[in-house]
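> Mind having a look at this structure? Questions to follow.
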Amino acid sequence: MSAPTTYTAQTDRTRILAGDCTVRFEGPRDRVQRGQVVVLVKPDRTVLVHDADGYQPVAWLTRPDDVTIEHDGTAFSLRAHADSQELLVTSNDAAGFESFAVSEAGVPVGSCPDCEGPLVRARDEIHCLDCEDRYGLPAGATVLDDDCKACGLPRMAVDRGASFELCVDYACESLSAAVRERFDEVWDCPDCGSPLRVRSPDGRIFLGCDAYPDCETSFSFPAGTAIGDCECGLPRFRTASGERCLDSGCSVDAPASESPSP
Ligand SMILES: [Zn+2]
Ligand SMILES: [Zn+2]
Ligand SMILES: [Zn+2]
Ligand SMILES: [Zn+2]
């Protein structure tokens, strides 16, 4: 028998082990079970042991501190532990052992211009399933059913003062440049009257006073469209969570301090 190989959980693979196994769970309620089971080890290290009955695993450990799998080609043993709990799965005869690449599942949004692989949107990112390409999306962006003429990537709609339609690749079309072109020096600093400049040193967009560093007034740019002026003189925005002043601390938006009791 060859020396066992030791595996640990990997962020981009799910491991599947299957066969006649003894499953030992040591924790608040110790128990031992044996049967023909399938064991999944997910990229976050979560271990799920499924048998033929029902949909629930017969044993599991959610995100244990560590998982070690020893495998010698015919048999395996898996050990996972978290705090005072330990899960041991040992195969009793020849067992199956496979490892599959996994990715985050998302909404299909087109194909990759670099490799023609499928592009999916998961959370605030578009990524290609076949190559390493990924494109972060600004908060609140909607991916459009429309490709960029220049590079072939999908286009997106995003609200920053106005609605902009741009390529999802910042290097192709820059949201901060579009916002700067439209809103630079449009509003004035409430503290000193100098124009507010559109700035984005690190990707986030904000409005900062032109008199900086003498005046340090600045506001993050809301993810919404400008819909007129606030009583305080700054613009108001309509966002996904409601209307608000550019100044999130504006007293016009503050809840009444003394609400009359019914
Ligand atoms: Zn690709
Ligand atoms: Zn493009
Ligand atoms: Zn100022
Ligand atoms: Zn206001």
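What follows is calculated from the coordinates using simple rules that are stated; it is not laboratory data. These figures come from a predicted structure and were not determined experimentally. Note that we place each Cβ from the backbone using ideal geometry, even for glycine, and neighbour counts take in every protein chain shown.
> If you wrap a convex hull around the C-alpha atoms of the chain and split its volume per residue, what is the figure in Å³? Display every interim value, and only then the final one.
Working: hull volume 67.7 nm³, N = 262.
It comes to 258 Å³ per residue, whole-number rounded.
> Contact order normalised by length for the chain, with contacts defined as Cα pairs under 8 Å and 6 or more residues apart; what percent is it? Mind dumping the intermediate values first?
On the way: 554 pairs, mean separation 26.2, N = 262.
It rounds to 10 percent for the chain.
> What percentages, rounded to whole numbers, describe P(r) for the stretch 71-211 computed over all alpha carbon pairs with 10 Å bin width beginning at zero?
10, 27, 19, 16, 14, 9, 4, 1
> List the residues, sorted by chain then number, that are 5 or more residues from LEU137 or on another chain and whose placed amide H is less than 5 Å from its amide H.
GLU125, ILE126
> By per-residue mean of other Cβ atoms within 10 Å, what is the highest-first order of 155-162, 23-30?
Packing order, densest peptide first, comes out as 155-162, 23-30.
> Mind ordering 125-134, 39-48 by average Cβ neighbours within 10 Å, highest first?
39-48, 125-134
> Can you give me the Cα centroid spacing of the stretch 147-198 and the stretch 20-73 in angstrom?
Cα centroid to Cα centroid, the span is 50 Å.
> When only alpha-carbon atoms count, how far does the stretch 106-150 stretch along each of its three principal axes, as whole angstroms with the largest first?
Taking max minus min along each principal axis of the Cα atoms, the stretch 106-150 gives 27, 22, 15 Å.
> Sort largest first and round to whole Å: the equivalent ellipsoid semi-axes of the stretch 163-262, each the square root of five times a Cα gyration tensor eigenvalue.
They are 27, 18, 11 Å, listed largest first.
> Viscosity 1.306 mPa s, temperature 10 °C: give me the Stokes-Einstein translational D for the stretch 144-188 in µm²/s, with Rh taken as the Kirkwood radius over C-alpha pairs.
143
> Another one. What's the ranking of 100-106, 174-180 by average number of surrounding C-beta atoms within 10 Å, highest first?
Per-residue mean Cβ counts within 10 Å order the peptides as 174-180, 100-106.
> If you don't mind, there's one more thing I want to ask. Only helical DSSP H runs with n ≥ 4 go in: add -39500 (n - 2.57) per run for the chain, normalise by residue count and round the 222 nm mean residue ellipticity to 500 deg cm²/dmol.
Working: 1 runs with 9 residues, N = 262.
That calculation yields -1000 deg cm²/dmol at 222 nm.
> Summing +1 for each Lys or Arg and -1 for each Asp or Glu, what net charge is found among the other residues whose Cβ lies under 14 Å from the Cβ of GLN36?
Within the 14 Å Cβ shell, the charges total -3.
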